[in-house]
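Some notes on the structure that comes next.
Coordinate-derived values only; no laboratory data. It should be emphasised that the depicted structure is a prediction, and the values quoted were computed from it without experimental measurement. So basically every Cβ, Gly included, is an ideal-geometry build from the backbone, and we count neighbours across all protein chains shown.
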Amino acid sequence: MIQDTGRLAVVTGAAGTMGSAITRQLVTDGHRVVAVDLQEAALNDLAAQAPDRIVPLALDITDAAAVEAAWASTTAAEGPVQILVNNAGILSNNKAAATTLEEWRAIMAVNLDAPFILSRLALADMRAAGWGRIVNICSLSMKTGGLTAGTAYATSKGGLGVLTFSLARETAAQSITVNGIAPGYVLTPMVTEQLTEAQRQAQLRDIPVGRFCSAEEVAHCVSYLASERAGFITGEIVDMNGGMLMD
Ligand SMILES: NC(=O)c1ccc[n+]([C@@H]2O[C@H](COP(=O)([O-])OP(=O)(O)OC[C@H]3O[C@@H](n4cnc5c(N)ncnc54)[C@H](O)[C@@H]3O)[C@@H](O)[C@H]2O)c1
């Protein structure tokens, strides 16, 4: 019987709606989770739900030196990371004409550079352990060009999708899988606060299943992709869009 529980996971954006659902699901699966986010108070609240299983780590994932230092001290204390969920992301709905270079770079730093920095660190642990799972939270916008999402956001998620393919190909023979999930509209503040009521109603009309995705449904998909059972799936982007786009 191959071990499929009790591994060490890192989840970024763990204080957010999807990140906290993913963290709770991985804990339910029997793993320990290093929960990374900028929001220290929210991380501490999350960790209080399972103090022996959740290690809160307040960190700006765009600060490569800080990430490397935190990775070294955390793995020295907790052991090698075998599951990495690149979930942290920031949204802008600005299309190209309204996107400043500063905004473009800020979005790339969180949505694309940080997953690259973290994946490089994680892969060293995973190779040494002989097993690993990376799950990247992409977006439907990478395939549609962004129905409501802006240019920098959609482009960053497209880059994250190709990073997924590239790392999956590089690591396929090493018992490491690298996959992505491309959610459509998930019921989170990104949807409830950053879309107008008219946009929300229009999106609902366009979702064949007739509702938004829940954060827990995304967490269930992460749970599967992070498991031993998903070992033959690599370089896959799982669509979770309620039938909006079938390809
Ligand atoms: N909500 C949706 O409908 C939807 C759809 C498709 C994809 N996504 C993606 O899912 C992921 C999670 O989205 P969410 O809706 O839960 O968002 P959220 O805003 O609730 O959570 C994102 C978290 O990332 C953290 N974060 C941002 N920048 C950071 C940094 N520099 N360092 C560390 N942490 C940082 C934030 O503090 C926040 O807690 C994102 O990558 C998002 O792009 C969301």
(request) Scan around V81 for amide H atoms under 5 Å from its own, H built in the peptide plane at 1.01 Å from N, and keep only partners 5 or more places away or cross-chain. (result) none
(request) Work out the length of the dipole vector of the range 8-236 about its Cα centre, built from +1 on the beta-carbon of each Lys and Arg and -1 on the beta-carbon of each Asp and Glu, and round it to the nearest 20 debye. (result) 640 debye
(request) Could you point to the residue in N94, I233, G130 farthest towards the positive end of the range 8-236's charge dipole, with +1 and -1 charges on the Cβ of Lys/Arg and Asp/Glu respectively? (result) I233
(request) Report, in degrees rounded to the nearest 10, the 0 to 90 angle that the Cα long axis of helix 215-225 makes with the longest principal axis of the chain. (result) 50 degrees
(request) Using the charge dipole of the range 8-236 (Lys, Arg: +1 at Cβ; Asp, Glu: -1 at Cβ; taken about the Cα centre), state which of Q49, Q39, T12 has its Cα farthest towards the positive end. (result) T12
(message) For the chain, take the longest principal axis of its alpha carbons; what is the angle in degrees between that and the long axis of helix 64-78, to the nearest 10 within 0 to 90?
(response) 40 degrees
(request) Note the angle between two axes, namely the Cα long axis of helix 17-28 and the longest principal axis of the Cα atoms of the chain, as a number of degrees from 0 to 90, rounded to the nearest 10. (result) 30 degrees
(message) Nearest 500 deg cm²/dmol is fine: what mean residue ellipticity at 222 nm does the chain get from its DSSP H runs of n ≥ 4 alone, each adding -39,500 (n - 2.57), divided by its residue count?
(response) -13500 deg cm²/dmol
(message) Please list, ordered by chain and number, the residues whose modelled amide H lies under 5 Å from the amide H of G180; skip anything fewer than 5 residues away on the same chain.
(response) N136, E236, I237, V238
(request) Please report how far the C-alpha centroid of the range 155-213 lies from that of the range 1-60, rounded to the nearest whole angstrom. (result) 20 Å
